[in-house]
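Quick notes on the structure that follows.
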């Protein structure tokens, strides 16, 4: 665990970068530092590996003051990833990754073997080992940066806006792979970003910093969205935090119904009195086929003969959130979302009213949305 | 065209005369003298220029002062410096001092700019991964600054090769001997011979540095837009 105890950083000019910050970053979890620029989040990160020395207070790693180690030795035991990767242009990819092993005097063979193993881990082709950084795309460079930080298998990783400099598609890809990697590695990670969405997606805990180096709130993403500590936090998270919160409510909490669901071989007469004017048609295996409008049914025959409107997308009852279910409902021609199980078979249908029930059950937000407007 | 051909012919007759290839005034001996002056001056200048440039570039302190002094030094006429010091101490040392003074500024300025221009992110990463101050200089800054440093060394080497001819003025050796003597005796052939040899030497220096660049500069740096 990384512990900040009353850490203050004041620069000679009088600027306060960190103002009495106390905080725990639990072992094996991702703690995200987020905030406005000048909020001190990067400064806070840099006190952990002594790139910045606090004016007062202390930083502890597993109860031990970081100042008990020489800076260089301390840093070799802590992974470090920065915004533009900061690769060494004169070194090949494998030698960039092996930087810390070389510093620790591993032999070359072992260090390179480790580099190749990590390249695979972070999704880089082995053929890139002998290339130079200028031959790689921004996203690939950032992967090398992550591999380089992991090279000596440090228990702690410090990541300063590692995905900010790449385009949104690559960023989402890197974020997903980062989470997958963390599932395997369980590092203690401190991650700095100015992007609230990224913080919510990646963080187990989020620490919000305000201009002047004040730490205003430390909470899980869910709690942060539900109960921002003050107007600054509410405004910083943004006006759609209510919608974002739906990501944390499981879709399984919504009531599902079998109303107006018919197999494709059911006679059309059974569809005529559908309450919402739409009938969901499923095949013999209960896989949803599409929506049939009650008004557009053929005079006779089975419902499968009707022209079917596409479902849009379904939601996975076990894995998706209410946010996905709500999205499915909004995009559905009938206004109802189709829930499926892992095999793609129908689990039930939820309309927007059902989803509202689930949201209400998850606990009402004590702060009305208008308060957030004031903060913004 | 005819004129050029005459010059080449003149040079060739001079060069191929057997008397040119033996004794203290022969081409081999004079060339060795010339290379000796050049080598000593360049080595001393490289030690001074690299040490100061790396120090100032790495620490980021005194850069303005160092560059200003170096640029002022460039304005000192080498010839004048030689005459001035030779009056005080008649030996080869003043000539070498003048050549060193000529060679230090390009090396110093390029080394300083090269180190200062190293990508700040790469420097931060080097420090953040646990390199010591020396480690950052040796493993990151120096190799990344190498293209510019070599350019500075090459500039100085060519200047020194060309300027070492002034050693002949106060009466020492080197290829300048031919030029000074030729001018004194109105021996046009001798002047042309000495000049062409100096030019050839400068071209060889240029070639050596081109080879050195391929040898010691990482392909990772040559592949980028940086060139010299």
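Side notes on the structure shown:
- Segment A:63-81, residues that are farther than 19 Å from residue A:26 by Cα and surrounded by fewer than 14 Cβ atoms within 10 Å (Cβ to Cβ): A:68, A:70, A:73
- Members of segment A:131-148 that are part of a loop (DSSP other than H, G, I, E, B) and more than 8 Å from chain B (Cβ to nearest Cβ): A:131, A:136, A:137
- Residues of segment A:70-105 satisfying the condition of being part of a loop (DSSP other than H, G, I, E, B) and in contact (Cβ under 8 Å) with a residue 60 or more places away in the chain: A:77, A:82, A:83, A:84, A:85, A:87
- Filter result for residue A:115 (away from every other protein chain (no Cβ under 11 Å), touching a helix residue (DSSP H, G or I) at 6+ places or on another chain (Cβ under 6 Å), within 21 Å of residue A:45 (Cβ to Cβ) and in a helix (DSSP H, G or I)): no
- For segment A:5-12, the criterion of being in a loop (DSSP other than H, G, I, E, B) and in contact with a helix residue (DSSP H, G or I) (Cβ under 9 Å, 6 or more places away or on another chain) is met by no residue.
- Criterion (in contact (Cβ under 8 Å) with a residue 40 or more places away in the chain, surrounded by 14 or more Cβ atoms within 10 Å (Cβ to Cβ) and farther than 19 Å from residue B:13 by Cα) met by exactly one of B:221, B:190, B:197: B:221
- Checked against (1) at pLDDT 95 or above; (2) away from chain B (no Cβ under 14 Å), residue A:126 passes all but a single condition, namely (1).
- Exactly one residue out of A:246, A:280 is buried (at least 19 other Cβ atoms within 10 Å of the Cβ) and over 19 Å from the mean Cα position of the chain (by Cα), and it is A:280.
- For the condition under 30 Å from residue A:143 (Cα atoms), part of a loop (DSSP other than H, G, I, E, B) and touching a residue at least 12 places away in the same chain (Cβ under 8 Å), residue A:170 does not qualify.
- Scanning segment A:93-109 for residues that are closer than 17 Å to residue A:131 by Cα and at the interface with another protein chain (Cβ under 7 Å from one of its Cβ atoms) turns up just one, A:99.
- Note on segment B:21-30: among residues that are in contact with a helix residue (DSSP H, G or I) (Cβ under 9 Å, 6 or more places away or on another chain) and surrounded by fewer than 17 Cβ atoms within 10 Å (Cβ to Cβ), the one that is nearest to residue B:138 (Cα to Cα) is B:28.
- Some residue of segment A:72-89 being under 21 Å from residue B:136 (Cβ atoms), touching a strand residue (DSSP E or B) at 6+ places or on another chain (Cβ under 6 Å) and away from every other protein chain (no Cβ under 11 Å): no
- Those helices (runs of 4 or more DSSP H) of segment B:130-228 in which at least 1 residues are over 16 Å from the mean Cα position of the chain (by Cα) and within 14 Å of chain A (Cβ to nearest Cβ), considering only elements entirely within it, cover B:142-163, B:188-216, B:219-222.
- Where residue A:296 falls short, out of the listed (1) in contact with a helix residue (DSSP H, G or I) (Cβ under 9 Å, 6 or more places away or on another chain); (2) outside the structural domain of residue A:29 (by TED's automatic domain parsing): (1)
- Condition check for residue B:48: in contact (Cβ under 8 Å) with a residue 60 or more places away in the chain and assigned to a helix (DSSP H, G or I): yes
The values are calculated or read from the model by the stated rules, or taken from the named source; none is laboratory data. Just so you know, these numbers come straight off a predicted model, no measurement behind them. Here the Cβ is made from the backbone with ideal geometry for all residues, glycine too, and neighbour counts use every protein chain on show.
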